[in-house]
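Colleague: Handing you a structure now.
Here, each number is a calculation from the coordinates, and none is a lab measurement. Here the structure is a predicted model, which is why all the values come from computation and not from measurement. Cβ placement follows ideal geometry from the backbone for every residue including glycine, while neighbour counts extend to all protein chains displayed.
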Amino acid sequence: MSETPSTMLEIGTQAPSFALPEPASGNQVSLSDYNGKPLLVVFSCNHCPYVLHILKSFTGFANAARLRGLETVMINSNDVAGYPADSPEKMVELALNLDFEFPYLYDESQQVALSYQAACTPDFFLFDADHRLVYRGQYDGSRPGNSTAVSGSDMKAAVDALLAGTLPSGEQVPSVGCNIKWREGNAPGYF
């Protein structure tokens, strides 16, 4: 497995706008649907071992955090022609099997991933109620094959701080995972 780190977008960055389809519902979901609410944007996919390693824990965390006022959207930007396991149909299966209580969106053009400078799966971006970036980094220090238990400690600390009205720690460790599977000619220049 090759590890790709997140780009660590600058803290304070305004969330780039998006309007993407949710295959499970057929609805379109946009950033403006979350006006005035803190929002966690996660770039993910169906097949990445780094995602699968934390996904059950993350789903429980995101579902519980919603009850505390944090909204979450998960976005799949992978090239499904090259990676059919990430198809919209498979996204619906994953969302249903794991009881996602948050939208799992499909970024077919990959333009949303590019606008967020997303690099890997999973890649996390936590925004305050004004949609200014306050945290970008790892869920926790657990990786497939290391001996660290999945805890979500980094993300939980960041969300706890945000929901308590304070800023998360400035010491933020990049997320790592599989690189986003870019279509030919779409690979970003920000690596």
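Colleague: Between the DSSP loop rule and a limit of at most 16 other Cβ atoms within 10 Å, which GluC sites (Glu not before Pro) in segment 1-88 are left?
Modeller: Values: sites: E3, E10, E71; in loops: E3, E10.
The qualifying sites are E3, E10.
Colleague: Rounded, prolate or oblate: pick one for segment 1-155, where a ≥ b ≥ c are the square roots of the eigenvalues of its C-alpha gyration tensor, a/c under 1.5 means rounded, and failing that, prolate if a/b is larger than b/c, else oblate.
Modeller: Values: a/c = 1.26, a/b = 1.05, b/c = 1.19.
In terms of gyration-tensor shape, rounded.
Colleague: Can I ask one more? If we count every other residue with Cβ under 14 angstrom of Q172's Cβ, Lys/Arg +1 and Asp/Glu -1, where does the sum land?
Modeller: Net local charge, Q172 excluded: -3.
Colleague: Hydropathy at least -1.0 by Kyte-Doolittle, axial extent at least 18 angstrom from the Cα trace: which helices of the chain, defined as entire DSSP H runs, fit?
Modeller: What comes out of the filter, once short or polar helices are dropped, is 49-67.
Colleague: Connecting C-alpha atoms closer than 10 Å in a GNM of the chain, tell me which of L39, L96, L133 has the biggest fluctuation.
Modeller: L96
Colleague: Dipole of the chain (Lys/Arg Cβ +1, Asp/Glu Cβ -1, origin at the Cα centre): which of S109, A85, T59 lies farthest to the positive side?
Modeller: Ranked along the dipole, the leading option is T59.
Colleague: Hey, what number do you get for the chain at 222 nm if only DSSP H runs of n ≥ 4 count, each worth -39500 (n - 2.57), divided across all residues, to the nearest 500?
Modeller: When only DSSP H runs of four or more count, the value is -7500 deg cm²/dmol.
Colleague: Among residues other than R136 whose Cβ falls under 14 Å from its Cβ, what is the net charge (Lys/Arg +1, Asp/Glu -1)?
Modeller: -4
Colleague: While we're here: For segment 14-87, what number results from the quotient of the Cα radius of gyration and 2.2 N^0.38 Å? Please list the in-between numbers first.
Modeller: Values: Rg = 13.3 Å, N = 74, 2.2 N^0.38 = 11.3 Å.
It is 1.18.
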